[in-house]
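Mind looking over this structure? Questions follow.
The values are calculated or read from the model by the stated rules, or taken from the named source; none is laboratory data. Keep in mind the model is a prediction, meaning the values are calculated, not measured. Here Cβ is always computed from backbone atoms with ideal geometry, including for glycine, and neighbour counts include all displayed protein chains. Ligands, DNA and RNA are stripped out before the accessible areas are found, and what is left, the full protein with its side chains, is counted by its heavy atoms. Shrake-Rupley method; radii C 1.70, N 1.55, O 1.52, S 1.80 Å.
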Amino acid sequence: MSSSIAIDVRDLVKVYPGGVRGVDGLSFRVVAGEIYGLVGPNGSGKTTTLRIIATLLKPSGGSVRVFGLDVVSDAIKVRELIAYLPEEAGAYRDLTGIDFVRFFLGARFRGSRLEEAVEEAVKIADLGSDIKRPVRGYSKGMKRLLALSVVLASRPKLLIFDEPTSGLDVERSLRVRNLVRDYARRYGVTVLLSSHNMLEVEYLCDRVGIIYRGKLVVEGVPEELKARYSARNLEEVFVRAVGG
Amino acid sequence: MVFTALVKKEVMVVLKSPAFIAGLVFLVVYFGVLGRVIGVATEQVTKEAVESYVGVVSEDMNIVTQWLLQAANSTLKGRLVTVPTVEEGLSKFPAVLLIPAGFGESLLRNKTLYVYGYTVIDRVSLLQTSRYQIVFSVVKVLEELGKVLVAMEEGVNLSEISRTFIPRVEARAGGKVVDVNVLSSLLISTMMLAYMVGILGMLALMYSAQSVATEKEEKAFEMLLTLPISRKAIAVAKVVGAVVLSVIMVVAYFAGFSFIFASVSTPTSVEGSQVVTGSLWDLMQFLGSEGIILLSISLGLMLMFSGSLGLLIGSMSSDTRVAGAVAGPIGAALYVSLLAAQFIGVPLSSFSSLLGLSVYGLPLAIFASSVLGDRAIALQATGIATAVTLITVLAVVRVFESEKILIGISVRRRRQAR
Ligand SMILES: Nc1ncnc2c1ncn2[C@@H]1O[C@H](COP(=O)(O)OP(=O)(O)OP(=O)(O)O)[C@@H](O)[C@H]1O
Ligand SMILES: [Mg+2]
């Protein structure tokens, strides 16, 4: 049973040093193979939640399981199953893009499989000859694409994206969305993402959870939510759910 | 107007940082305490040098010698006290002068005369050189009076008389007897070595503190931490990386240092003693192969300790500014402690092994152990320093395994929970 549940978040609480409650009693489940979108206003706890699922932060209360594994006690095993794209992802300034890709994928793959993965990442990043230049000279979007390529080429069971297309132009955003959807369908990958772009969420996500002040306010399939709030699009749903 | 606002912003962004303020307060307090300790040590030594009595053992019954000693005693305001043996003298006074048999007779005939001095050295400190410099100053007085006596005896002008009194002064350190000029030279070499080690340690500390903080700023850190690699491996790799980089720096800096080292000489202030120079080569010979091996180990330990301490600071800092604000004062404190060590002195006793606690002080403990001829001190000190280094490495691993690595320690003011 638990194997069909990719992520199981229960009564999650995160109190930061200093007393700020980043997440305050959050519960939701992501089914294996689905694309789940976490949306909410700034400071509502999206990044905090994703970081806990990605084993970077430890919960102050409640529990989080990834494919049945506890993110605290089985952190290493969880990390084998996931790849995480942080809100802000950069790379070592003085390494070239290709060095960066090779270093990160080298932690997961060996030999010819590594070469395949590197090739795949280079294709995804689509940076042309810039991939051989030091990251120091990359634009924000170029760095984003580089990090994204590593995350996708890692071929994990669970992809965690914190605002995947932030900083990307219209064309590249579209390409990345298609890539993410493709990967999810083709390799049966589960995807959890956060976003402020309702268009993106509507296009990509099978289900959406709206969080506000560290708690889940509503959850459901985009179409269903629109009907429930008699809204024309997710943006209206968002405004009504959070505002009301 | 705009310009002053710009300057104000430059200053305020730093001054508003709690880490910077904490570092500043730490430095002021630490240096204040250290300055006081050095002050007390210096005061003590100065007092000892100015007020102390010198024991005199005269093996020469000659009337000339008796007269010379009496005259010297009144010149020195009664600071010479006759004692039966050197041992007894040393138990009461910081230094003892021995006039050999036949001294009075040879004063009338020979141009060069030897007198013997003895002193006890109980700590490795530049200030302790004043102990045997008391002997040098007494010998100088004797030499002047000796010339007067000879001039009167021969009925010639004082300026025609030339006599040189050469003091042979030995220091007793533990069970060992060391020539004081050799000791001074070794002392200077050891201190210089300690400085070199200190500078390298400081560089390694600053470097590794900045490196983790930079990695955080480069924003690759979160991705690194979610790789299926144990945090222990990541942390230890960072320590090893910091050591490798430090070694590269060591090689570069050592080339520069050895040039300075070779050209530095420190003349002692009292006439009649030789010019004493520190030589790394002499020190190596004195320490022997065992000492050199331990010294190399101490260099390795120090780099590892500095590297991990830096990582510890860097991994708990949110950015390079905080890392610099914390690592700077700590590095400076470690370095200034070494500077202070030469004044405060390293006790020549089994307690010297406690120097290992600071890791940076290990070379001094190894030196003390060689002077005392007690290898247990060096081994104990190395053991202690190894333990301290390992604890620091373990602390780094612990921080990497906790979320402090990402969100830092809370130095922020408590905010209202919503
Ligand atoms: N390192 C931290 N220390 C203290 N408080 C933090 C820290 N990180 C986040 N918070 C607080 O936790 C709350 C949730 O922040 P979080 O970053 O999870 O929000 P978010 O939903 O990702 O916002 P955004 O849409 O702006 O990215 C905020 O109130 C924030 O101030
Ligand atoms: Mg966020």
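For region A:1-37, give me each residue that is of a type outside the set (Val, Ile, Thr) and in contact with a Cys (Cβ under 9 Å, 6 or more places away or on another chain).
Our first condition is that a residue be of a type outside the set (Val, Ile, Thr); within region A:1-37, this holds for A:1-4, A:6, A:8, A:10-12, A:14, A:16-19, A:21-22, A:24-29, A:32-34, A:36-37.
The answer is A:34, A:36, A:37.
Let me ask something else. Determine if region A:34-43 includes at least one residue that is within 11 Å of chain B (Cβ to nearest Cβ) and either touching a Leu at 6+ places or on another chain (Cβ under 7 Å) or away from ligand 1 (no atom under 16 Å from the Cβ) (or both).
The answer is no, given that none of the residues of region A:34-43 is within 11 Å of chain B (Cβ to nearest Cβ) and either touching a Leu at 6+ places or on another chain (Cβ under 7 Å) or away from ligand 1 (no atom under 16 Å from the Cβ) (or both).
Checking the condition away from ligand 1 (no atom under 16 Å from the Cβ), at the interface with chain B (Cβ under 10 Å from one of its Cβ atoms) and under 18 Å from the mean Cα position of the chain (by Cα), which residue from A:83, A:89, A:107 passes?
The conditions single out A:83.
Please give the helices (runs of 4 or more DSSP H) falling wholly within region B:322-418 in which 3 or more residues are more than 14 Å from every other protein chain (Cβ to nearest Cβ) and closer than 30 Å to residue A:18 by Cβ.
Those helices (runs of 4 or more DSSP H) span B:375-401.
Could you check region B:49-76 and list, in sequence order, the residues that are over 22 Å from residue B:149 (Cα atoms), surrounded by fewer than 17 Cβ atoms within 10 Å (Cβ to Cβ) and not small (Gly, Ala, Ser)?
Result: B:50, B:51.
So that you can scan it fast, the table gives a plain yes or no per residue for (1) modelled with pLDDT of 80 or more; (2) under 27 Å from residue A:143 (Cβ atoms):
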| site | (1), (2) |
| --- | --- |
| B:173 | no, no |
| B:184 | no, no |
| B:195 | no, no |
| B:203 | yes, no |
| B:208 | yes, yes |
| B:211 | yes, yes |
| B:216 | yes, yes |
| B:223 | yes, yes |
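Using the structure shown, decide if residue A:37 is touching a Ser or Thr at 6+ places or on another chain (Cβ under 8 Å), at pLDDT 95 or above and within 16 Å of ligand 2 (Cβ to nearest atom).
yes
Scanning region A:16-28 for residues that are away from ligand 2 (no atom under 13 Å from the Cβ) and surrounded by 16 or more Cβ atoms within 10 Å (Cβ to Cβ), which turns out farthest from the chain's Cα centre (by Cα)?
A:20
Quick grid of which residues meet (1) of a type in the set (A, V, I, L, M, F, W, C); (2) within 16 Å of ligand 2 (Cβ to nearest atom); (3) within 19 Å of residue B:219 (Cβ to Cβ):
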{"site": "A:146", "(1), (2), (3)": "yes, no, yes"}
{"site": "A:149", "(1), (2), (3)": "no, no, yes"}
{"site": "A:192", "(1), (2), (3)": "yes, yes, no"}
{"site": "A:218", "(1), (2), (3)": "yes, no, no"}
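I've got another one for you. Give A:32, A:54 a once-over and let me know the one that is modelled with pLDDT of 95 or more and more than 16 Å from ligand 2 (Cβ to nearest atom).
Matching residue, one of A:32, A:54: A:32.
Now for a separate question. Among A:126, A:94, A:74, which is the only one that is of a type in the set (Asp, Glu), within 14 Å of chain B (Cβ to nearest Cβ) and open to solvent by 50 Å² or more (accessible area, probe 1.4 Å)?
A:94
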